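K.L.:
Just passing along the structure, written as structure tokens.
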Amino acid sequence: MRIGISVITHANQNIWENGMGQNVIFLVQSLKAIPFVKSVDLINVGGQPRMAEQIDLNLFDLRLMSEQEAIDAFDVIIELAGALSPQWLALQRARGKKVVFYCVGQPYVGLSEYNVFEKPTSFPPVDRCDEVWLLPKDKAYIPMLRTMYRCPIYITPYLWDPMFVSRRKQEISEQGLNYGWHSNVHDGAKTPLSVAIFEPNISVVKTSSIPMLACDEAYRHEPQSIEMMHVLNTLHMKDHLTMLHLANSLNLVKDHKACFYGRHDIVGFMAQHANAVISHQWCNDHNNLYMDVLYGDYPLIHNTPWLKEFGAGYYYPDFDALEGGRQIIQAWLHHEENLSSQRQASQALFKATDPLSDANIKAHVQLLSNLCADRPELLRG
């Protein structure tokens, strides 16, 4: 079996600008470990002849080819990180190739926000794929997607590997910077946390509003708990009245203990400016950000039930900014003593999401077996 996965390239691309580029590589790892998979390569739907500089295609034995070059290259096509031409996909399916839409974004928001907020988008043909593979975080949308795409919907594992954060950690170490938690206990006293908020602020799914309120709640209740609040990915909102009124209502802003930034990679930023992260999501439990933070042993204050199941981080429910503030204080007071148990929880999480774990490889074997049940010749090693 030969598998092609779509990717999009553009000028000045960086692996840290979103999670999809990393997701592709993690999926490649898992698929290449399957005995009956002969090859996995990438189909480029973007405008550049290469991937982001952080991805060495030779290291993963990958080819990057255009749709035209890939016309006869694959038995299974996975549309993941870039939209393939409907005409090209129709031709491939007419020739007996199998097509999977691998949905990583939150599907309901992806459908509704573009209409409500008048974002530029397109609606691809609903009959472009044989199956949809969906991350566990979005299983509630299976009926919606089945109705839209009129094909089977299957859950696929969420995958993560520390390769990118580890490599970036090594890069900054050569500049004298260290990524990772350092004790906040000095001379028997707790030093304040410097809290970062990395939400992208381009959708209601992940925004900085609740984390900002939680930080201010912690600061008002215990001023010694927070030294600085760093709110990233906000420059595009800096002149919006709602953002200005929200920010100016906070004691942290009034006391000059808040900074607002554009986009930064997590490793470089945390090593220089922060030692804790607070996050908020709405129906979007999986996020590479969480994994990167936990890999650095930093306290992660979050509202993600999936992480709570592993005992990872400091959990507050739903939109409860009050409890979020309490959890920041808990992290400030107790993270140093909790470090061993937090590392244990993180290791269990990393094991569960390892692309090369037996469970995740078997899951992909089953997915491909379902997909190609009428093409048994493709399932032979």
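The values are calculated or read from the model by the stated rules, or taken from the named source; none is laboratory data. Since the structure is predicted, the reported quantities are computational estimates derived from the model, not experimental observations. Cβ sites come from the backbone with ideal geometry, for glycine too, and all protein chains shown count toward neighbours.
K.L.:
Hey, Cys215 hits all of (1) closer than 23 Å to Glu17 by Cα; (2) in contact (Cβ under 8 Å) with a residue 24 or more places away in the chain but one; which does it fall short on?
P.N.:
So Cys215 meets the others, but not (1).
K.L.:
So, one more: For a quick check of your reading of the model, give me the residue pairs whose first member lies in region 155-181 and is within 30 Å of Pro143 (Cα to Cα) and without any contact (Cβ under 8 Å) to a residue 24 or more places away in the chain, whose second is not basic (Lys, Arg) and not in a loop (DSSP other than H, G, I, E, B), with beta-carbon atoms closer than 7 Å and at least 6 apart or on different chains.
P.N.:
These pairs meet every condition: Ile155/Leu134; Ile155/Pro136.
K.L.:
While we're looking at this one, here's another question. State yes or no: is Val205 of a type in the set (A, V, I, L, M, F, W, C), in the same structural domain as Tyr179 (by TED's automatic domain parsing) and touching a strand residue (DSSP E or B) at 6+ places or on another chain (Cβ under 9 Å)?
P.N.:
In short, no.
K.L.:
Do we have Val99 as modelled with pLDDT of 95 or more and within 20 Å of the chain's Cα centre (by Cα) here?
P.N.:
Considered against the rule, which asks whether it is modelled with pLDDT of 95 or more and within 20 Å of the chain's Cα centre (by Cα), Val99 comes out as no.
K.L.:
Still on this model: Does region 235-267 hold any residues that are among the acidic types (Asp, Glu) and without any contact (Cβ under 8 Å) to a residue 40 or more places away in the chain, and which are they?
P.N.:
Across region 235-267, the qualifying residues are Asp239, Asp255.
K.L.:
Right, here's the next one. Among the residues of region 14-34, is any in the same structural domain as Cys372 (by TED's automatic domain parsing), modelled with pLDDT under 80, assigned to a loop (DSSP other than H, G, I, E, B) and among the hydrophobic types (A, V, I, L, M, F, W, C)?
P.N.:
Yes.
K.L.:
Sticking with this one: Quick check on region 92-110: of everything there that is part of a helix (DSSP H, G or I) and free of Cβ contacts under 8 Å to residues at least 12 places away in the same chain, which residue is nearest to Ser66 (Cα to Cα)?
P.N.:
Ala94
K.L.:
Here is a follow-up. Among the helices (runs of 4 or more DSSP H) confined wholly to region 285-381, which include 2 or more residues that are of a type in the set (Val, Ile, Thr)?
P.N.:
In region 285-381, 321-353, 358-371 are the helices (runs of 4 or more DSSP H) which contain 2 or more residues that are of a type in the set (Val, Ile, Thr).
K.L.:
Something else about it: Residue check: is Phe26 closer than 30 Å to Asn233 by Cβ, touching a Leu at 6+ places or on another chain (Cβ under 6 Å) and not hydroxyl-bearing (Ser, Thr, Tyr)?
P.N.:
Judged against the criteria, Phe26 is a match.
K.L.:
What single numbered condition from (1) touching a residue at least 40 places away in the same chain (Cβ under 8 Å); (2) surrounded by fewer than 20 Cβ atoms within 10 Å (Cβ to Cβ); (3) of a type outside the set (Ser, Thr, Tyr); (4) farther than 26 Å from Ile155 by Cα fails to hold for Phe350?
P.N.:
Condition not satisfied by Phe350: (4).
K.L.:
Considering each residue of region 104-128, count those that are acidic (Asp, Glu) and over 18 Å from Tyr149 (Cβ atoms), and give that number.
P.N.:
Total meeting the criteria: 2.
K.L.:
Still on this structure, I have one more. From the list Asp285, Asp297, Asp292, which residue is in the same structural domain as Lys169 (by TED's automatic domain parsing), crowded, with 24+ Cβ neighbours inside 10 Å and among the acidic types (Asp, Glu)?
P.N.:
Asp292
K.L.:
Identify the residue in region 37-91 that is in a loop (DSSP other than H, G, I, E, B) and at pLDDT 95 or above and, among all such residues, is farthest from Lys362 (Cα to Cα).
P.N.:
Phe74
K.L.:
Sticking with this structure for a sec: Of the numbered conditions (1) surrounded by 18 or more Cβ atoms within 10 Å (Cβ to Cβ); (2) small (Gly, Ala, Ser); (3) in the same structural domain as Val24 (by TED's automatic domain parsing), Ala359 satisfies every one except a single condition; which is it?
P.N.:
Result: Ala359 passes all but (1).
K.L.:
Let me ask something else. Please verify whether region 319-335 includes one or more residues that are touching a strand residue (DSSP E or B) at 6+ places or on another chain (Cβ under 6 Å), at pLDDT 95 or above, among the aromatic types (Phe, Trp, Tyr) and closer than 16 Å to Ser279 by Cβ.
P.N.:
Scanning region 319-335 turns up no residue that is touching a strand residue (DSSP E or B) at 6+ places or on another chain (Cβ under 6 Å), at pLDDT 95 or above, among the aromatic types (Phe, Trp, Tyr) and closer than 16 Å to Ser279 by Cβ.
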